[in-house]
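Down below is the structure, laid out as structure tokens.
The values are calculated or read from the model by the stated rules, or taken from the named source; none is laboratory data. These numbers come from a predicted model, not from an experiment. We place every Cβ from the backbone using ideal geometry, glycine too, and count neighbours over all the protein chains shown. Note: areas computed on protein heavy atoms with side chains; ligands, DNA, RNA excluded. Shrake-Rupley method; radii C 1.70, N 1.55, O 1.52, S 1.80 Å.
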Amino acid sequence: MINKKAFIFLFLYICFFQLVIASSYGDEIKREGYILSRSQVERTISQGNLFEDVIGITNLQDRKLSVTFTTSGDVGDLIEFAYSNVEIFPKNTTYISFYIKGIEEGNYSGEMYISGDVVETLPINIVIVDSLLDTTFFVEVEPLKKFFRLNRDIEFKLNLNKMKLGESEEINLTYSINDSEGNYFLLGKESFNFTTSYYFIKKFEVPEKAVRGDYVLNVLAETEKDSITAKSRVILKKPFLTILLFGFLPMWVLILVLSVLFLSGLTFFLIRRHIKNSKKYKMELDVKKLPKFSKSSLKLGKIAENNIKAYLEPERMKTHTIIAGATGGGKSISAQAIVEEVLMQNIAVIVFDPTAQWSGMLRKCEDKKMMSLYPNFGLKSSDARAFPGNIRSITDAREIIEVEKYINPGQIQIFTLNKLDPKDIDLFIANVIRQIFKSDPKETPDLKLLLVFDEVHRLLAKFGGSGEGFLQIERACREFRKWGMGVMLVSQVLSDFIGEIKANISTEIQMRTRDEGDLGRIKTKYGETFLQSLVKASVGVGMFVNPAYNKAKPYFIHFRPILHNTRRLSDEELEKYNKYNEVVDDMEYQIEQLEKLKIDVFDLKMELKLVKDKVMTGNFSVVDIYIEGLKPRLEKQWEKLGKKPQKKQKLLADISEIKKSVEEAKKARANFEKEELVKTKAQENTLQKKEDNLEEKIVKALTFDNGIMVSNLKELKEVLPNLDEEIFKLHVNNTKHDIGVWLQQISPDLAAKVKQEKIKQKIIEILKTTDKKTRD
């Protein structure tokens, strides 16, 4: 008696389990950016039971989706989500579990709201039954396919679950379909004695009068005591090849046309791939992630071997730029092209130039070879131009430069350092940056000044510098951005100091180089492909990297030719700038003194402005005329006052003050390094905790075909090496990847890597090295 009861209980449990897992998911919901695995929730469960259900979301976008789940209506107390807020990684599918509680017998309805980056509402219908023993049988119907052709049979599974064993009763089954307009079509009938559970595959011809469309498949099961109807949705379609498109075009004609187009497209693709493989510059280019044109864009040139124009947003200059490359590789041209664009956006530029090469910015281009490149970039010879600015020669490294006086929108101020010894250049740079900090500049969100330090490698000890100027530049890169000041470093090498400042410089431009350190760094960071492309790069082509563009991957830019003169000014011309600047500075100082004495100097200021404008254009003959007119007027004013003006003297910084500023920079660097170390350790600790959690995280078990089950990553690592190869192939092949799908519960990133492999040993290697790679 006990054994019989146990058997009945086991049988009823199996029937109940079959009932519970049978559900109506509805169709998939497909949107432009995501796919939902279901469109409704319909469940029948027994009172007192807890059922785990699931919904899958596939992210089709290139960004993470944040999703929140809530419910409304009668089902509020019945449904509980394992996680009400989840993130779905790009190009991944995440399955979200929720639990249905059989609290009290009855019918419950409501909605599931999905909000955030996914907005959907799913209807919910829950039936909670008091006891399975109250029903003598259950009927389930499931079509073998979603679509059936009008000239084929309708096939479906039929489950008859008998709840009370040993009792025989006659059952009548009626099969039919009906459409949304109420048309009814009988498929067939049958009767037999019902003593135990049955499983059938039923097949019926589609009625002749049925037309294509949506239908409901009905199975009516009747006994003396009960009457149950099971329903399921089916769609009837015409034979595929006979479908008429637009009422006249047979599908087979369309397929033929599409086949021809496909072959043409395939041929085009193969030719395009051949062209791509033969290109000089190998790069992964995501055009959507490149900066788009706007009125404020800096026009750099175009993507190498493409007609895509290359832009840079001015605000990116606030997070600083470094340009490196060997002499003759186009380093100076690319830097000067960027500076031209900055000036044309009405932003001030100050250049510290050890060679006076930048002095050519004040004259328009007359180099025929350079101008011959203009048409390739949409430029005309009439676009050649000079840029407004001035040149001052520095002869004393301690000279105080009041930088704020030279922040003139759209103008360039060039300080030539060619008269200083190498060690004095180091001291001068340190002094300039000290003065900027001392001037207490005001914070601004816009780029107002670009500071260019050319030949900056000279500040390094290996090139003869003391390192003091470089310490100050490093400090500037950390703090200048808040004041609307960007820093551009131009150097022959990059690897010697990129490690110390890379956290504070976002834009890196690497031109062709022969430096082994730079080549090794590029190979390590970006791979052999980029290294070979850079080694073969033409003059004027550089590797461009900015985290905000192209998914932070490098790409090659062919920089446009410059609009100003390619040659520096002669020493005679530079000397004239020095001579006239001294005269102008002295006159300006006299006017300042007169103004303090309450003299009306408005006209004098206007004339002096004309003198300054003519100095910027290098029209010194006109400058002489203006000075000859202004000088007597100043002398006359002083004669009236019966006084003599004070002479303008160069302000020199105290060496001890400069050294003190350098010590402050050292302390700032030490503090920065300490903070970065703390951040790094915190990140490592957090990462390690996450890795430990991944290793031990218990999830829904993966059952292999040999009966072995794994419920966490650690168990999978232990089981996989000894798993039979044939069993492995049953779970991982061209049609499915059970291991990858299971890993989705633990880590979408790890799952994505594993899904790319179908060889057991390679998957084992990925699982072994994942933690190490994550930490690195």
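Of the candidates E80, E105, E87, the single residue that is free of Cβ contacts under 8 Å to residues at least 60 places away in the same chain, open to solvent by 50 Å² or more (accessible area, probe 1.4 Å) and under 29 Å from K753 (Cβ atoms) is E87. Here segment 614-656 is the region considered, the condition is being assigned to a helix (DSSP H, G or I) and in contact (Cβ under 8 Å) with a residue 60 or more places away in the chain, and the residue that is least open to solvent (accessible area, probe 1.4 Å) is V615. If I ask for residues that are touching a residue at least 60 places away in the same chain (Cβ under 8 Å), assigned to a loop (DSSP other than H, G, I, E, B) and open to solvent by 10 Å² or more (accessible area, probe 1.4 Å), which ones from segment 355-375 would you list? Matches in segment 355-375: T355, R363, E366, D367, L373.
Only one entry of K773, K697, K753 meets the criterion of being among the basic types (K, R) and at pLDDT 85 or above, and that entry is K753.
Taken over segment 588-606, the criterion of being open to solvent by less than 50 Å² (accessible area, probe 1.4 Å) and not β-branched (V, I, T) is satisfied by E588, Q590, Q593, L594, L604.
With respect to S382, determine if the residue is polar (S, T, N, Q), within 37 Å of the chain's Cα centre (by Cα) and assigned to a helix (DSSP H, G or I). Here the answer is no, as S382 does not meet what is asked. Within segment 715-738, residues that are farther than 25 Å from E695 by Cβ have Cβ atoms under 8 Å from residues that are modelled with pLDDT of 90 or more in these pairs: E725/K760; N733/K758; N734/K758, counting only partners at least 6 apart in sequence or on another chain. Return the residues of segment 376-387 that are in contact (Cβ under 8 Å) with a residue 24 or more places away in the chain and surrounded by fewer than 16 Cβ atoms within 10 Å (Cβ to Cβ); say none if nothing qualifies. Within segment 376-387, D383, R385 meet the criteria. Taken across segment 215-231, residues that are open to solvent by 70 Å² or more (accessible area, probe 1.4 Å), in contact with a Lys or Arg (Cβ under 9 Å, 6 or more places away or on another chain) and outside any helix (DSSP H, G or I) do not occur at all. For segment 507-564, the set of residues classified as charged (D, E, K, R) and on the phi > 0 side of the Ramachandran plot consists of K551 only.
Figure legend. Inter-residue proximity from segment 754-769: first residues under 13 Å from L720 (Cα atoms) and open to solvent by less than 90 Å² (accessible area, probe 1.4 Å), second residues part of a helix (DSSP H, G or I) and among the aromatic types (F, W, Y), beta-carbon distance below 7 Å, spacing 6+ or different chains. Indicated pairs: K760/F728. If you check Y108 against the conditions, is it in a loop (DSSP other than H, G, I, E, B), more than 20 Å from D27 (Cβ to Cβ), over 20 Å from the mean Cα position of the chain (by Cα) and of a type in the set (S, T, Y)? Against the criterion (in a loop (DSSP other than H, G, I, E, B), more than 20 Å from D27 (Cβ to Cβ), over 20 Å from the mean Cα position of the chain (by Cα) and of a type in the set (S, T, Y)), Y108 does not qualify.
Rundown of residues vs (1) under 19 Å from N546 (Cα atoms); (2) open to solvent by 50 Å² or more (accessible area, probe 1.4 Å); (3) touching a residue at least 60 places away in the same chain (Cβ under 8 Å); (4) small (G, A, S), yes/no style:
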site	(1), (2), (3), (4)
K276	no, yes, no, no
S294	yes, no, no, yes
K302	yes, no, yes, no
K318	yes, no, yes, no
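Residues in segment 628-678 that are at pLDDT 80 or above and among the acidic types (D, E): E628, E635, E639, D654, E657, E663, E664. Listed by position, the strands (runs of 3 or more DSSP E) contained in segment 1-93 that have at least 2 residues being modelled with pLDDT of 90 or more and closer than 27 Å to K551 by Cβ are 34-36, 50-59, 65-73, 85-88.
Taking segment 711-730 as the range and being over 18 Å from E765 (Cα atoms) and either in contact with a Ser or Thr (Cβ under 9 Å, 6 or more places away or on another chain) or in a helix (DSSP H, G or I) (or both) as the test, the residues that pass are E726, I727, L730. If you go through segment 445-475 and pick out every residue that is modelled with pLDDT of 90 or more and touching a strand residue (DSSP E or B) at 6+ places or on another chain (Cβ under 9 Å), you end up with 8.
Restricting attention to segment 388-398 and to residues that are open to solvent by 30 Å² or more (accessible area, probe 1.4 Å) and more than 39 Å from the chain's Cα centre (by Cα), the residue that is nearest to M344 (Cα to Cα) turns out to be R392. One residue stands out among those in segment 514-556 that are among the basic types (K, R) and out of contact with any Lys or Arg (no Cβ under 7 Å at 6 or more places or on another chain): the one that is most open to solvent (accessible area, probe 1.4 Å), which is R514.
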